[in-house]
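Asker: This is the structure I want to talk about, given as structure tokens.
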Amino acid sequence: MFRGRYQHTVDPKGRVSIPARFRDGLAQFDGMLIVVPNGSALEVHPFESWQRIESRIHEKSQFDADVRKFGRLYISNAKEVSLDGAGRILLPPDTREKAGLEKDVTVVGLGLDFFEVWDRARFVEYERTNGDGLESVFEKLADKGI
């Protein structure tokens, strides 16, 4: 659903513009989004796709240590935000800090039902250190039938 890369900035109030193409994809939803830091970047999920993640978690045993750890370290960091009339989302300060977002960002569509917001320098470094591994990823995906 979301693909491509776009350069944006976080404004002094902590808002980031969502690319117009991504806003078009979000138009089918009610405008409520979930933002959650993932250790490298900030994930932005339409509320409905986030609910699918949470429903899958609910299907697992609450006594499973990995499920509880996932809940504590990932799900508990999720925050609801909404798209304003100018196509921006306000990123809560603690969420920006956990994702390492200060000013210059790259919005990255992965071809999935969510997208990421990266600190621009961090994403450049990620590409630099992982870019030459693309061929091996192609091979692994081919082995999985993709």
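The values are calculated or read from the model by the stated rules, or taken from the named source; none is laboratory data. These figures come from a predicted structure and were not determined experimentally. Positions of Cβ are backbone-derived with ideal geometry, glycine not excepted, and every protein chain shown enters the neighbour counts.
Asker: What's the number of the condition E127 fails, among (1) touching a Pro at 6+ places or on another chain (Cβ under 9 Å); (2) farther than 24 Å from F47 by Cβ?
Answerer: (1)
Asker: Note down all Cβ pairs under 9 Å where the first residue falls in region 87-98 and is under 16 Å from M32 (Cα atoms) and touching a residue at least 24 places away in the same chain (Cβ under 8 Å), the second is part of a strand (DSSP E or B) and of a type in the set (K, R), and they're at least six residues apart or on different chains.
Answerer: Final answer for the pair search is R88/R15; I89/R15; L90/R15; L91/R15; L91/K79; P92/K79.
Asker: Are there any pairs with C-beta distances below 9 angstrom linking a residue in region 60-74 that is farther than 21 Å from P37 by Cα to a residue that is of a type in the set (D, E, K, R) and exposed (fewer than 10 other Cβ atoms within 10 Å of the Cβ), with the two at least 6 apart or on different chains, and if so which?
Answerer: K60/D66
Asker: Being assigned to a loop (DSSP other than H, G, I, E, B) and within 13 Å of the chain's Cα centre (by Cα) is the filter; apply it to region 2-45 and report the residue that is surrounded by the most Cβ atoms within 10 Å (Cβ to Cβ).
Answerer: I18
Asker: Still on this structure: For residues in region 15-38 being touching a strand residue (DSSP E or B) at 6+ places or on another chain (Cβ under 9 Å) and charged (D, E, K, R), which is farthest from L90 (Cα to Cα)?
Answerer: For region 15-38, the residue satisfying everything is R21.
Asker: Pull out all pairs, ordered by first then second residue, where Cβ-Cβ is under 6 Å, the residues are six or more apart or on different chains, the first lies in region 4-16 and is over 19 Å from G109 (Cβ atoms), and the second is hydrophobic (A, V, I, L, M, F, W, C) and in a strand (DSSP E or B).
Answerer: Between residues of region 4-16 that are over 19 Å from G109 (Cβ atoms) and residues that are hydrophobic (A, V, I, L, M, F, W, C) and in a strand (DSSP E or B), the close pairs are G14/L90; R15/L90.
Asker: Something else: Scanning region 105-146 for residues that are in a helix (DSSP H, G or I) and of a type in the set (S, T, Y), which turns out modelled with the lowest pLDDT? Spell out how you get there, then give the answer.
Answerer: Initial filter on region 105-146 (in a helix (DSSP H, G or I)): 120-143.
So of that shortlist, the ones also of a type in the set (S, T, Y) come out as 126, 129, 136.
Details: Y126: 93, T129: 90, S136: 83.
Looking at residues that are in a helix (DSSP H, G or I) and of a type in the set (S, T, Y), I get S136.
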